[in-house]
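Each value in this text was obtained by applying a stated rule to the coordinates, not by laboratory testing. Everything quoted here is computed from the prediction, not taken from an experiment. For neighbour counting, all protein chains shown are included, and Cβ atoms are generated from backbone atoms with ideal geometry for every residue, glycine included.
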Amino acid sequence: MATDSKEARKIEVEGVGEYPIVGKSLVVEHIRLDVARLAVSDTDVLIVGESGVGKGAVARNIFLHGNKEEAKKPFVSINLSVLDDRELEAILFGFDRGVEGLPYTSKRGIFELANGGTVLIEEVEEASFRNQMKILQFIEERKTRRIGGEANERVSIRLILTMKEDPSILLEKRKLLEGFKEKISDFDRMDIAPLRQHPEDIPMLVKHFSSEICKELGINDLVMDINAIDVLVRQPWKENIRELKAVVDKCVLFSNDGRFMLPPELVDEKTEVVKMINNIVAGQEFVLDKSLDVIEKGIIERSLERFGFNQSKAAQFLGMTEQTFRYKLKRLGIASARSRS
């Protein structure tokens, strides 16, 4: 699809409703262009990326940015990382069951319910080899039969699968069937980079998530603190965008006076010193005692760590009496060596 098409421009600007594509990096730009290209295709798709990068949201954008008629068709998703594998076959294929003394029960599975539409199966590698074989058979035949049923029903379904790692790596780790890897090589593949590879998008993501939760809470958007944003940009974010959103939600709940504030675990003495100096230069108000407490607590904790949590040596190093040192530990809420061990 041409990059200057109307659809591509729409995706560049807004994404879809609950699933916006936020950021201006090359990584995000490539995601938008891939979504635009796949949205007008009917091929099966494999999306590869670490946990929390937003694979499910990208899949929904692919579906919702299709033509209007396609978007009216069913879209069903299932995440295997949060599902009991024993129940998976019944969820995918449904069941026809008759138990003696009880009414006959019947339930349609996901493949039957989504006939004519799209099925998103997230984290395929979490399924047992038995269930991977069942999914593989469906990919090849596009037929579904309820457990206990006798009739095979042919269905027309577009599949979008997600995996946390490259299929070759999953195969080496014995998390994926050989036949499965070979079959999905025919899928149109899309890779999503982890957040640490495009940290320049973090400020926009922070503002977006902060605005979202403020709307939910019925409060005005918070004033962003450049120092707080800088701290968030420097975090490793092992769980990617999902983890960032959880921390931003917490930041909003900790905030007061209309300003975005970090939760205590992300505030250290270096951050507080920079913030204090910047506030003084800018002529902004701040609570001096609170800033000094954060700075003093950080210095004492680092001194304790340096001397193996020996309070006598740490106190001597800082030029304090042991009595004064113990008082500060208690006042600042610093755990003693005994409770740390």
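For the stretch 165-223, just the Cα set please: Rg and Dmax, both in angstrom.
Calculated on Cα positions, Rg and Dmax stand at 19.4, 53 Å.
Looking at this model, which pairs from K55/K250; K215/K245; K24/K250 are more than 21 angstrom apart at the alpha-carbon?
Long pairs (Cα-Cα over 21 Å): K55/K250; K24/K250.
Between L33 and I147, what length in nm is gained on full extension when 0.36 nm per residue of separation is reduced by their alpha carbon distance? Before the final figure, lay out each step's value.
Working: separation 114, 0.36 × 114 = 41.04 nm, distance 4.05 nm.
Using 0.36 nm per residue and subtracting the Cα-Cα distance, I get 37.0 nm.
Extending each Cα 7 Å along its Cβ direction at I299 and F317, get the distance between those two points in nm, one decimal.
Between I299 and F317, the simple spin-label model gives 1.4 nm.
Give the calculated FRET efficiency between M224 and A246 to the nearest 0.05, with a Förster radius of 22 Å applied to their Cβ-Cβ distance. Can you show the working numbers first?
Details: r = 18 Å, r/R0 = 0.83.
Calculated value: 0.75.
Quick one: dipole size for the stretch 195-266, taken about the Cα centre, charges +1 on Lys/Arg Cβ and -1 on Asp/Glu Cβ, in debye to the nearest 20.
Numbers: 9 positive and 12 negative charges, 29 e Å.
Once rounded to the nearest 20, the dipole reads 140 debye.
Once phi is turned into ³J(HN,Hα) by the Karplus curve 6.51 cos²θ - 1.76 cosθ + 1.60 with θ = phi - 60°, what whole-Hz value does each residue of the stretch 304-311 show in order, with x for glycine and proline?
Residue by residue, the stretch 304-311 yields 4, 4, 4, 9, x, 6, 7, 5 Hz.
Can you give the percent of C-alpha pairs in the stretch 195-266 whose distance is more than 19 Å?
24
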